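Report on the structure given below.
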Amino acid sequence: MTLSVAIVGSGPSGFYSAESLLRSREDVTIDIIERLPTPYGLIRAGVAPDHAKTKNVARAYEKIASDPRVTYFGNVEVGRDITIAELREMYDAVVLATGASVDKPFSIPGHDKEGVLGVAAFVGWYNGHPDFRDLNLNLDTEGVAVIGIGNVAIDVARVLVKTPAEMAATDLADYAAAAVHASPIKDVYMCGRRGPLQAQFTNVELREMGQLDVAAPIVDAAQIPDDIPPEVADEIGERNVRVAQRNLATLREFTEIDPTGKDKRVHFRFFSNPVEILGGDRVEGLRVEKTEVVDGRAVGTGEFSDIPCGLVIPAIGYYSEPIDGVPFEDGRARNQDGRIDVGLYAVGWIKRGPSGVIGSNKPDGDAAAAQILEDLPEGGKPGQAALTQHLAGNGARPISFEEWKRIEAAEEANATDGAPRRKYSRVADMLAVLDG
Ligand code: NAP
């Protein structure tokens, strides 16, 4: 009998799982359940607005969605419209592909002051995610400290210092563009608790920092080693050694850039562990302790300095949002290579934490498809018929893929200045496109 599978989440890991399942057997039907009317998860709401090429991968997902065995149910929220227990009753297999959408906890003294903003909210805000559309963001400051030296930290720093002209042909949310470009931000400090050899950003992303119209990268030459000591090479692994070598070369080039005449600066502050957020009710600065890296770990030296800033954005990684009926530990679903239980599987960041690039989600899809094939050779549960009936009974308003394409067409029609789209950032506005 046909196997019915529900995939919860329509980001990269959800679509790659659908693709693997479609390949793994003919007699399968797949329903992709998404909380927002809009699909594609991090491709729409996480990838930086000025990285349009990365977003082109959505075309491949569109092809997967057009397979007659796949149905999209947008605007259906697990927890609100249906529970995991109910889905497990209805479907032979349920695959969780909900990603990691909340900030990893960050709690140094002063972390609750006004002006400390988790990166999940900040990225969601500039990307037009409905959850963060109405964030009351105060950008009235010349200094911003971004904590962390990964690719998300780099994205945030870049979006804060690019000019309106540099962002014109992007899908930066219009309200975010207005706020960022009206702000007096001049100095963005990227604080890494470890050094350039341990930085998590990749080289293409780092190099972009040297190509900005009005912002210069500021790097202390004394913090950039000539080469990678063998013990560090062993510690970080062969692939990371290659990235670190390229990063060192780029950072050395940055030390030679003359910032004179540039209005803005992005300061790379390595060996700077944040220890306290300063100020009264509002943030006025970030205190960091100078560190040394010993056996790969940041060790404090007892030497402190203060960074003047009115906004602190910890970009230190994400946790997955807990889901009722799913065991969680360390910010992700407890699983054995993706298997949570027979009939319940995890893929992508909810399986393995927030790491890797978009393509890193493909093997997760393959693993889930193989496990489903092994655990459930025969289907039998009603799948979509039961879901549709359930949703009709509780007043949900599911959005089909064809309806999403109409929303997308309206976003594209509203775009100006070479931008790919002007996003709707309120669910009500998306529904109005469909229902008037
Ligand atoms: P990440 O790469 O894990 O970087 C997190 C950063 O936060 C690291 O520098 C880490 O330092 C630091 N950190 C963690 N806990 C900290 C703490 N308590 N105090 C101070 N610093 C702390 O995470 P991410 O930047 O969120 O990126 C997530 C994934 O998305 C990555 O795989 C990334 O490559 C990917 N991504 C890719 C792109 C792109 O390709 N353009 C763009 C965005 C995101 P330690 O190393 O010392 O722990």
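Amide H of LEU278 versus every other amide H placed in the peptide plane: which residues, excluding those fewer than 5 positions away on the same chain, fall under 5 Å?
Result for LEU278 returns GLU284, GLY285, LEU286, ARG287.
Based on the alpha-carbon gyration tensor of segment 74-129 and its eigenvalue square roots a ≥ b ≥ c, which shape applies: rounded if a/c is under 1.5, prolate if not and a/b is larger than b/c, or oblate?
Prolate shape, in that a/c is at least 1.5 and a/b is the bigger ratio.
Would you tally the net charge around LEU373, using a Cβ to Cβ cut-off of less than 13 Å, leaving LEU373 out, and scoring K and R as +1, D and E as -1?
-4
Pick from ILE257, ILE224, ILE407 the residue whose mean-square fluctuation is largest in a GNM of the chain, springs joining Cα atoms under 10 Å.
ILE257
Determine the percent antiparallel among the DSSP beta bridges restricted to segment 102-318, to the nearest 5.
Roughly 45 percent of the beta bridges in segment 102-318 run antiparallel, per DSSP.
Where the only charges are on Cβ atoms (+1 Lys, Arg; -1 Asp, Glu), what is the dipole of segment 102-318 about its Cα centre, to the nearest 20 debye?
It works out to roughly 140 debye.
When all C-alpha to C-alpha distances in the chain are sorted into bins of 10 Å, what percent of pairs does each bin hold, rounded to whole numbers?
Going out from 0 Å in 10 Å bins, the chain shows 4, 20, 28, 25, 16, 6, 1, 0 percent.
Could you check which residue among PRO274, PRO12, PRO184 shows the biggest mean-square fluctuation in a GNM of the chain with a 10 Å Cα cutoff?
PRO184
Which shape class, rounded, prolate or oblate, goes with segment 279-436 when its Cα gyration tensor gives a ≥ b ≥ c as root eigenvalues, a/c under 1.5 marks rounded, and past that a/b bigger than b/c marks prolate?
Oblate, because a/c is 1.5 or more while a/b does not exceed b/c.
Under 8 Å for C-alpha pairs, at least 6 residues apart: give me the relative contact order for the chain, rounded to a whole percent.
Reported as a whole number, the value is 25 percent.
Could you give P(r) for segment 102-318, binned at 10 Å from zero, as whole percent values over all Cα-Cα pairs?
8, 34, 37, 18, 3
Pull up the cross-link candidates among the aspartates and glutamates for LYS113, meaning alpha carbon to alpha carbon under 15 Å and not fewer than 8 places away within one chain.
GLU276, ASP281, GLU284
Explain nothing, just compute: Karplus ³J(HN,Hα) = 6.51 cos²θ - 1.76 cosθ + 1.60, θ = phi - 60°, for every residue of segment 292-303 in order, whole Hz, x for Gly and Pro.
Here the 3J(HN,Hα) series is 10, 9, 10, 6, x, 10, 7, 10, x, 9, x, 9 Hz.
Kindly work out what percent of the DSSP beta bridges joining two residues of segment 190-336 are antiparallel, to the nearest 5.
The antiparallel proportion sits near 70 percent.
Cut-off 12 Å, label point 7 angstrom out along Cα-to-Cβ of THR416: give me the residues of segment 150-189 whose amide nitrogen falls inside.
Correct set: 174-175, 178.
Kindly provide the helix-only [θ] at 222 nm of the chain, computed as the sum of -39,500 (n - 2.57) over DSSP H runs of four or more divided by all residues, to the nearest 500 deg cm²/dmol?
Mean residue ellipticity at 222 nm (helix-derived): -9500 deg cm²/dmol.
Compute the length gained on full extension between THR2 and THR255: take 0.36 nm times their separation in residues and subtract their Cα-Cα distance, giving the result in nm to one decimal.
Fully extending the segment from THR2 to THR255 adds 84.9 nm.
Bin width 5 Å, alpha-carbon pairs only: give the P(r) of segment 1-97 as whole percents, running from 0 to the bin holding the largest distance.
3, 13, 25, 24, 18, 11, 5, 2, 0, 0
More than 14 Å apart: what percent of Cα pairs in segment 147-236 qualify?
Here the tail beyond 14 Å accounts for 70 percent of pairs.
Quickly rank 18-29, 365-376 as a protection proxy: mean count of other C-beta atoms within 10 Å, highest first.
Those peptides, ordered most packed to least, come out 365-376, 18-29.
Which order, highest average first, do 216-222, 86-92 follow once you tally other Cβ atoms within 10 Å for each residue and take the mean per peptide?
86-92, 216-222
Count charges around ARG287 for me, please; just the other residues with Cβ under 15 Å from its Cβ, Lys/Arg as +1, Asp/Glu as -1.
Result for the local shell: -1.
In a GNM of the chain with a 10 Å cut-off on Cα contacts, which of GLU62, GLU238, GLU412 has the highest mean-square fluctuation?
Maximum among the listed residues: GLU238.
So what's the net charge close to ARG35: Lys and Arg +1, Asp and Glu -1, counting the other residues with Cβ under 12 Å from its Cβ?
With Lys, Arg at +1 and Asp, Glu at -1, the net is -4.
Any read-out appearing in this document is the output of simple, stated calculations on the displayed coordinates, not a laboratory observation. All figures in this text were calculated on a predicted structure; none of them were measured in a lab. Heads up, the Cβs are rebuilt from the backbone with ideal geometry, glycines too, and the neighbour counts pull from every protein chain shown.
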